[in-house]
Structures are given as structure tokens and as C-alpha cells.
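Inspection log for the structure reproduced underneath, given as C-alpha cells.
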Amino acid sequence: MIKHKFIYIIVAAGLLMTTSCEKWLDVEPKSQVKANELFDTEDGFKEALAGVYTILTEKALYGREMTYGMMGVLSHEWTSYSTSYKDDSEHNYLSILTRNRIDAIWSNMYKAIANTNMILENIDSKNVFKADNKAIIKGEALALRAFIHFDLVRLFGVNYTTNSSQRAIPYVELYTSKQTKQYTVNEIIDKVIADLESAKELLKVDPIFTGKTITEANDRGYLLNRQLHLNYYAVEALLARVYLYKGDYTNAQKYAENVLKAQKFGFSTQKNIADKVDLSGAPEQIFALQINTLHQDAVNHLTPNGDGPIFSLSATVAETYFGAEFSNDYRYLYLLENGTGANATQKYTLKYTEPTVPNTITNPEYFRQKMPIIMLSELYFILGECANQNGSDALVHINPVLAARGINTLTNYNDFRTLMTNEFRKEFLATGQLFFYYKRINQERIQNYAENLVTNKSYTFPIPETEYEFADRLPNK
């Protein structure tokens with residue numbers, strides 16, 4: 001029954017972002033009754049929060065387009081993809097198919113935000129929570145709101161260092177039909193940080209932070225599997241990511257170090273990778289999304305035998321990505337697979353393939369159906385960026401990642417940016433992060449593509465036409 005009630009909330013949230021106020025008012029009374037029923041119980045809040053995570057797993061978002069799909073094509077990490085993505089590859093954001101994908105990202109992300117706001121607007125007035133659940137649910141809702149807005153501004157806002165005072169997107173903090181102000185890039189980042197800081201304070205009762213042991217006997221195991229939630233350390237890692245994007249290296253370093261010093265996460269072992277037990281780096285996931293169709297999606301989109309769209313890279317380019325040590329690199333040896341027949345010249349990622357988990361492992365689900373969103377290696381790379389900025393040794397931070405991938409550590413390098421770009425490309429293949437990396441450093445030209453992305457303003461998506469029609473938005477680039 002709760003699930004049915006939540007469907008109404010999701011529908012209402014979608015209408016909030018895609019229709020005029022008059023149409024919204026037509027459905028508001030019915031949906032409001034459903035919301036009141038939902039938030040009468042703690043289970044209702046839990047279902048509502050789970051619903052936000054579920055929205056993020058949709059194919060229009062992190063279930064495909066925001067990870068290995070559209071974002072992989074935009075960054076040209078793939079060399080082969082469906083013809084339906086041709087305009088994406090050319091950053092032609094006004095073509096019908098590409099524009100539809102962009103508009104779907106906008107509408108689904110704001111739908112998720114609307115649902116976080118509904119949780120936040122109801123949670124303080126209800127006395128229905130056991131133990132620390134209220135603080136944790138509220139903390140996660142705030143963190144999710146910040147996380148989603150941050151990725152939206154990374155897509156629909158200009159590069160921070162280019163013009164942080166440029167108007168970008170609304171930062172929606174209320175569940176309302178009223179028009180929300182279109183904030184500048186700098187204002188959005190400040191609001192993201194404020195929400196994350198508030199979330200961090202609330203999540204100081206998070207079991208992953210306190211070390212409290214949680215079992216199925218504790219509230220039916222509600223606080224198990226904290227890596228699948230925006231947990232305390234995921235919030236700190238996200239703060240490190242946000243501050244690096246802003247160019248605040250001091251705070252980026254502080255938060256990255258906080259997570260590493262906690263020693264809650266570790267690199268996957270060679271044996272587990274080689275045995276195909278751990279393909280997506282489960283111990284390294286600071287935050288991941290549970291996608292129950294992920295393995296079948298991998299068959300459909302990341303193998304030559306799927307029903308498409310299919311994404312792959314040429315074997316020659318793959319060797320170029322991984323450099324002279326490609327034959328030693330675990331990511332090349334164990335996480336890429338050769339095509340056959342007509343596809344023999346192609347390589348396909350195994351990152352999201354069904355792992356082989358033997359009976360000797362007590363928790364096989366730990367390695368399955370998880371889309372990595374924030375990984376341990378990113379924090380090492382953030383520290384490398386900070387070290388390079390302040391003139392200290394960046395290799396102290398980069399070498400642990402190289403060692404974990406089975407390749408020789410470095411004693412020197414000719415150019416930090418070339419080194420960092422090469423390592424980032426290998427490490428985050430099929431996760432959607434390469435495009436954001438290129439945008440942060442304002443890279444003019446990228447591998448496998450000749451056009452100047454900065455001159456062509458290719459790093460900034462157009463906001464939907466309906467926003468100009470109904471909300472009087474200003475240009476975002």
C-alpha cells in the first residue's frame with residue numbers, strides 16, 4: 001500500500017517540474033492526501049527515501065545515460081556506439097534525440113529533488129522515529145538534494161573558473177509549484193556545500209561513522225549496507241569533490257584526507273578481480289546505487305550480443321588508454337573483454353557484468369548489481385590535484401592507486417595534467433566521470449575528438465525550452 005501511495009508523490013513531483021502552475025494545482029489536493037498518509041509512519045519515510053534512490057537508478061540517469069551511456073559518448077571514451085548517439089558525440093545538443101536525453105536528465109533529477117523536499121518538509125513535524133533513524137533519513141535527504149543539484153550544475157552550468165557568476169539552474173529547497181529562482185553557478189555551489197555540511201552533522205550517528213554493529217535484528221537491518229546510501233563518509237567525499245570543482249584546494253584536501261584516515265574502505269584484491277568475484281570494486285565504493293537490472297543491462301549495452309544501444313572501444317585505443325603497462329594493469333587484463341567475429345577489434349567492459357561469486361563467500365550480494373558513484377581512488381586523485389597545486393609530491397597520492405591496479409609506481413613524471421588525465425580515463429571508464437573531469441579543468445580538446453569543446457561551449461547543456469516558456473529563465477551560457 002505504501003508503494004502505491006509513493007507513486008502518486010513521484011507523479012506529482014514530475015508534474016511540478018514539467019507543467020504550468022494551473023495544471024499542478026489540479027492534481028495537488030489528491031497527491032497531498034497521499035503524502036499525508038505516507039508520512040504518518042516511519043516506514044513511510046523509509047519508502048520515500050528509497051524512492052529517491054530508485055529514481056536515480058533509471059536509465060535516463062545513473063542507470064545508463066549519466067554513467068556509461070550519454071556521458072561516455074560525450075567524453076569520447078567509447079569509439080563505437082549506436083548511431084542514435086551520433087549527435088551526442090558531436091555535442092549537438094539541439095538535435096531531437098540528444099535534446100530528449102538532456103531534458104529527461106533535467107526532469108528526472110528535479111523529480112528526485114522534489115521528493116527529497118517532501119521528506120524534509122514533513123520530517124520535523126512527525127514523532128514516529130526509532131533510535132537515530134530521523135537524523136539519518138533527514139541527513140540522507142539533504143545529502144541527496146545536494147548531490148543531485150551538484151551534478152545538475154556540472155551539466156547545466158558553465159565551468160566554475162570560467163564564470164561562476166553566470167546564471168545556471170534553480171536550487172529547489174521547497175516542495176512547491178511556485179517558480180524557484182535561477183541561481184548562479186557560485187550560488188549553487190554554496191548551497192550544495194551548506195546542505196552537505198548540514199547532512200554531515202546529522203549523519204554523525206551513522207553506523208558507518210560510529211562503528212556500531214548493525215544486524216538484521218536491528219530494525220529489520222535498515223541501517224545495513226551503508227555504501228548504498230549517501231552515508232557520512234560519502235558526504236565527506238562529495239564535499240571533497242565539490243571543493244575541488246570550486247578550486248578550494250584546502251578544503252578539498254581536508255575532506256579527502258578525512259575519508260582516507262577513517263580506513264573504512266580498501267582497494268579490491270587482485271585475486272577477487274582476476275577471479276571475477278569483484279568486477280565493480282565493491283570495497284572501494286564509498287557510495288553506489290543498487291540497480292537490480294544492472295547485469296542484464298550490461299549484457300544489452302556493453303556486450304556485442306545485446307539489444308543495444310551498445311558501447312565499446314577499439315582494442316587499439318584501449319591499449320593507448322592503458323599505455324606501456326597495459327599487459328600488467330588489472331583494469332585491462334580482467335575488466336575488458338575481446339569481441340569475437342565481426343567485433344574482434346573491439347573491447348567491452350566487464351565492470352557491470354554478473355560476477356562469479358563462490359559459495360565460500362558469505363555475502364555474495366555485496367559484489368552484485370552496484371553502480372559505483374563515488375570511489376576510493378577519486379579521493380587519492382583529489383589529493384594528487386591538491387599536492388600539484390601547492391607544489392608538493394603528487395605521486396605520494398597517485399602511486400597507491402597504481403599499485404592497487406598492478407602496475408609499477410612512478411618516481412617522476414613530465415607533466416602532471418597528462419599523467420592525471422591518463423589515469424582518470426583508465427580508472428573511471430564507464431562511470432560518467434571523465435566528462436566532468438574534462439569540464440573541471442576546462443580541457444579544450446580531448447582524445448578521439450578534434451573539436452574545441454571550450455570554444456563551442458560543449459561542456460554546458462541547454463536548459464529545457466519549457467523553462468523559458470513557463471519560468472522566464474535567463475540563458476545559462
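The values are calculated or read from the model by the stated rules, or taken from the named source; none is laboratory data. Remember, it's a predicted structure, so these values are computed and weren't measured experimentally. Cβ placement follows ideal geometry from the backbone for every residue including glycine, while neighbour counts extend to all protein chains displayed. Side chains are part of the model used for accessible areas, which takes the heavy atoms of the whole protein and leaves out ligands, DNA and RNA. Shrake-Rupley method; radii C 1.70, N 1.55, O 1.52, S 1.80 Å.
Scanning segment 70-88 for residues that are among the small types (G, A, S) and under 15 Å from T349 (Cβ atoms) yields G72, S75, S80. Is it the case, given these coordinates, that D190 is touching a helix residue (DSSP H, G or I) at 6+ places or on another chain (Cβ under 8 Å) and of a type in the set (D, E, K, R)? Criteria not met by D190.
Taken as a whole, the structure places A12 among residues that are at pLDDT below 90, part of a helix (DSSP H, G or I) and open to solvent by less than 20 Å² (accessible area, probe 1.4 Å). Does Q270 satisfy the condition of being surrounded by fewer than 17 Cβ atoms within 10 Å (Cβ to Cβ), more than 18 Å from C386 (Cβ to Cβ) and in contact (Cβ under 8 Å) with a residue 40 or more places away in the chain? It is true that Q270 is surrounded by fewer than 17 Cβ atoms within 10 Å (Cβ to Cβ), more than 18 Å from C386 (Cβ to Cβ) and in contact (Cβ under 8 Å) with a residue 40 or more places away in the chain. Counted as qualifying within segment 378-477 are the helices (runs of 4 or more DSSP H) with 2 or more residues that are among the small types (G, A, S), namely 395-404. Every condition in (1) open to solvent by 10 Å² or more (accessible area, probe 1.4 Å); (2) modelled with pLDDT of 95 or more; (3) more than 27 Å from M70 (Cα to Cα) holds for T418 except the one numbered (3).
Which residue is farthest from the chain's Cα centre (by Cα), if the candidates are limited to segment 397-422 and must be more than 22 Å from Y233 (Cα to Cα) and among the hydrophobic types (A, V, I, L, M, F, W, C)? Among residues in segment 397-422 that are more than 22 Å from Y233 (Cα to Cα) and among the hydrophobic types (A, V, I, L, M, F, W, C), the one farthest from the chain's Cα centre (by Cα) is L410.
What helices (runs of 4 or more DSSP H) lie completely within segment 248-326 and have 3 or more residues being over 30 Å from D190 (Cα atoms)?
270-274, 294-301, 315-322
Each residue in segment 303-316 was checked for being among the aliphatic types (A, V, I, L, M) and touching an Asp or Glu at 6+ places or on another chain (Cβ under 9 Å), and 1 pass. Does V73 qualify as being in contact with a helix residue (DSSP H, G or I) (Cβ under 9 Å, 6 or more places away or on another chain), crowded, with 22+ Cβ neighbours inside 10 Å and at pLDDT 95 or above? Taking the combined requirement at face value, the residue satisfies it.
Take the conditions closer than 21 Å to D297 by Cβ and not in a loop (DSSP other than H, G, I, E, B) and apply them to M71. Does it pass?
Criteria met by M71.
Just one residue in the set F311, F322 is buried (at least 20 other Cβ atoms within 10 Å of the Cβ) and touching a Leu at 6+ places or on another chain (Cβ under 7 Å); that residue is F311.
The set of residues in segment 379-396 that are open to solvent by less than 20 Å² (accessible area, probe 1.4 Å) and either over 28 Å from D415 (Cβ atoms) or of a type outside the set (F, W, Y) (or both) comprises L379, I382, L383, G384, E385, C386, A387, A394, L395.
Output yes when any residue across segment 113-123 is under 20 Å from L155 (Cα atoms), crowded, with 24+ Cβ neighbours inside 10 Å, within 16 Å of the chain's Cα centre (by Cα) and in contact (Cβ under 8 Å) with a residue 24 or more places away in the chain, and no when none is. So far as segment 113-123 goes, yes, one or more of its residues are under 20 Å from L155 (Cα atoms), crowded, with 24+ Cβ neighbours inside 10 Å, within 16 Å of the chain's Cα centre (by Cα) and in contact (Cβ under 8 Å) with a residue 24 or more places away in the chain.
For segment 292-332, the set of residues classified as in contact with a Ser or Thr (Cβ under 6 Å, 6 or more places away or on another chain) and over 17 Å from K370 (Cα atoms) consists of G308, P309, S312, L313, S314, A315, V317, listed by residue number.
Taken over segment 340-356, residues that are part of a loop (DSSP other than H, G, I, E, B), under 26 Å from the mean Cα position of the chain (by Cα) and among the β-branched types (V, I, T) amount to 2. Cβ-Cβ distances below 6 Å connect the following pairs, each with a first residue in segment 65-82 that is farther than 16 Å from Y437 by Cβ, a second residue that is assigned to a loop (DSSP other than H, G, I, E, B) and open to solvent by 10 Å² or more (accessible area, probe 1.4 Å), and a separation of six or more residues or different chains: S82/G308; S82/P309.
Does T362 qualify as being assigned to a loop (DSSP other than H, G, I, E, B), surrounded by fewer than 21 Cβ atoms within 10 Å (Cβ to Cβ) and either in contact (Cβ under 8 Å) with a residue 12 or more places away in the chain or of a type in the set (A, V, I, L, M) (or both)?
No.
Only one of (1) open to solvent by less than 30 Å² (accessible area, probe 1.4 Å); (2) closer than 25 Å to A60 by Cα fails for T353. Which number is that? Every listed condition holds for T353 apart from (1). When I291 is tested against (1) touching a helix residue (DSSP H, G or I) at 6+ places or on another chain (Cβ under 6 Å); (2) surrounded by 16 or more Cβ atoms within 10 Å (Cβ to Cβ); (3) not acidic (D, E), exactly one condition is not met: (1). Looking only at residues in segment 455-472 that are open to solvent by less than 50 Å² (accessible area, probe 1.4 Å) and of a type outside the set (D, E, K, R), the one that is farthest from D87 (Cα to Cα) is A471.
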